[in-house]
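First up is the structure itself, then whatever we jot down about it.
The values are calculated or read from the model by the stated rules, or taken from the named source; none is laboratory data. For clarity, every value in this text was computed on a predicted model and none was experimentally measured. Using ideal geometry, Cβ is built from the backbone for each residue, glycine included, and neighbour counts are taken over all protein chains shown. In case anyone asks, the SASA skips ligands and DNA or RNA and just uses the protein heavy atoms, side chains included. Shrake-Rupley method; radii C 1.70, N 1.55, O 1.52, S 1.80 Å.
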Amino acid sequence: MLDALSEKFERILKKLRGQGVLTEDNIAEALKEVRLALLEADVNFKVVKDFLERVREKAIGQEVLKSLTPGHQVVKVVWDELRGMMGGERSGISLASRPPTIVMMVGLQGAGKTTTSGKLARLFKSQGKRVLLVAADPRRPAAGDQLASLGHDLGIDVHRFDQVDASRADVVRICQRGVERAQEQGYDLVVLDTGGRLHVDDELMAELVAVKQAVNPHEVLLVADAMTGQDAVNMAGQFNQQVGLTGVILTKVEGDARGGAVLSIRAVTGQPIKFLGMGEKLDALEPFHPDRMASRILG
Ligand code: GDP
């Protein structure tokens, strides 16, 4: 994960750490390399620019240059700013004061929405919560089958629409029914696995807005494929503008050497990354901690 970026940072910062005295020129040289490393990692251009400005300002401050370990101080500044770029504090799932907590999953087809719904359900089940999964993509019965099979493996109930009654195939109705069932039957958490498309389109957005208005979820989480880099960032911006998100879950991060989405999605959209998908298995979900990620990148 983010290996290519991490290797570059390690090289650049090792040089800095090793220097007993630092001049503004030394710092400028190192920051040039940092800039290149971030751009090669596919981090959003403006995010890189803002980041470097903040680092430069702090790093050439007198306290840093005059300190006994200026190299280490600069590395600390870079760490702080990387952490800040990814949101600073950890942002988890906010649970409703009165259950059930309603979590609406959105995203494009293939991003890993259904798998991630299963992963989240598993996580909350392991914390002793009763979870209901709702298959809310009547256009793709295969997606419902996939969720049903996940639910079966995990021992988690799955709510599906009644195929006999076509009127119930309406996505809004399915989600409303799922939430009503969760309320009536005392579930702690209900996860709505909404339908995706291959591309963002108006119909999908309108459908998601309608679901959101109907069920008033506590969380609206975009599931996006980290490997798609800036496409994931742009898509997150669109979903946030049109539907309104409360956070993002990036998937396939274990195979993402570059890290452009992980590093820029928060700064561009204002939405926090809440979890990382780290593999196809259902336990491959990690809470996202900006500080730990910054440490991982700096090596
Ligand atoms: P959906 O269309 O968005 O519901 O996507 P699916 O949940 O069906 O996932 C699409 C593919 O991505 C499947 O083969 C999943 O196993 C895979 N997938 C999902 N999350 C991850 C992840 O974090 N890492 C990897 N490597 N594969 C993932």
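Residues in the stretch 12-28 that are at pLDDT 85 or above, open to solvent by 70 Å² or more (accessible area, probe 1.4 Å) and under 19 Å from Trp79 (Cβ atoms): Lys14, Lys15.
Table: residues versus (1) away from the ligand (no atom under 13 Å from the Cβ); (2) open to solvent by 10 Å² or more (accessible area, probe 1.4 Å).
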| site | (1), (2) |
| --- | --- |
| Gln213 | yes, yes |
| Leu222 | no, no |
| Ala236 | yes, no |
| Ser264 | yes, no |
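Gly270 meets the stated requirement of being among the small types (Gly, Ala, Ser), more than 16 Å from the ligand (Cβ to nearest atom) and at pLDDT 95 or above.
Can you find a residue that is under 13 Å from the mean Cα position of the chain (by Cα), among the basic types (Lys, Arg) and away from the ligand (no atom under 15 Å from the Cβ) anywhere in the stretch 241-252? Step through it out loud before you land on a result.
As a first pass, look at the stretch 241-252 and keep what is under 13 Å from the mean Cα position of the chain (by Cα): 245-252.
Within this subset, residues satisfying the condition of being among the basic types (Lys, Arg) are 252.
When the remaining residues are screened for being away from the ligand (no atom under 15 Å from the Cβ), the result is none.
No, the conditions are met nowhere in the stretch 241-252.
Selection of the stretch 116-141 for residues being within 11 Å of the ligand (Cβ to nearest atom) and open to solvent by 70 Å² or more (accessible area, probe 1.4 Å) yields only Arg140. Picking from residues in the stretch 224-234 that are away from the ligand (no atom under 16 Å from the Cβ) and open to solvent by 10 Å² or more (accessible area, probe 1.4 Å), the one that is nearest to Gly178 (Cα to Cα) is Asn234.
Does the stretch 275-289 include one or more residues that are crowded, with 21+ Cβ neighbours inside 10 Å and more than 13 Å from the ligand (Cβ to nearest atom)? No, that holds for no residue. Restricting attention to the stretch 266-283, the residues being among the small types (Gly, Ala, Ser) and touching a Ser or Thr at 6+ places or on another chain (Cβ under 9 Å) number 1. Could you say which residue among Gly87, Gly110, Gly61, Gly92 is open to solvent by 10 Å² or more (accessible area, probe 1.4 Å) and in contact with a helix residue (DSSP H, G or I) (Cβ under 7 Å, 6 or more places away or on another chain)? The match here is Gly87. Of all residues in the stretch 135-146, none satisfies being of a type outside the set (Gly, Ala, Ser) and at pLDDT 95 or above.
With a requirement of 1 or more residues that are in contact (Cβ under 8 Å) with a residue 60 or more places away in the chain and over 28 Å from Ala142 (Cα atoms), the helices (runs of 4 or more DSSP H) lying completely within the stretch 183-299 that satisfy it span 230-242, 260-269, 290-298.
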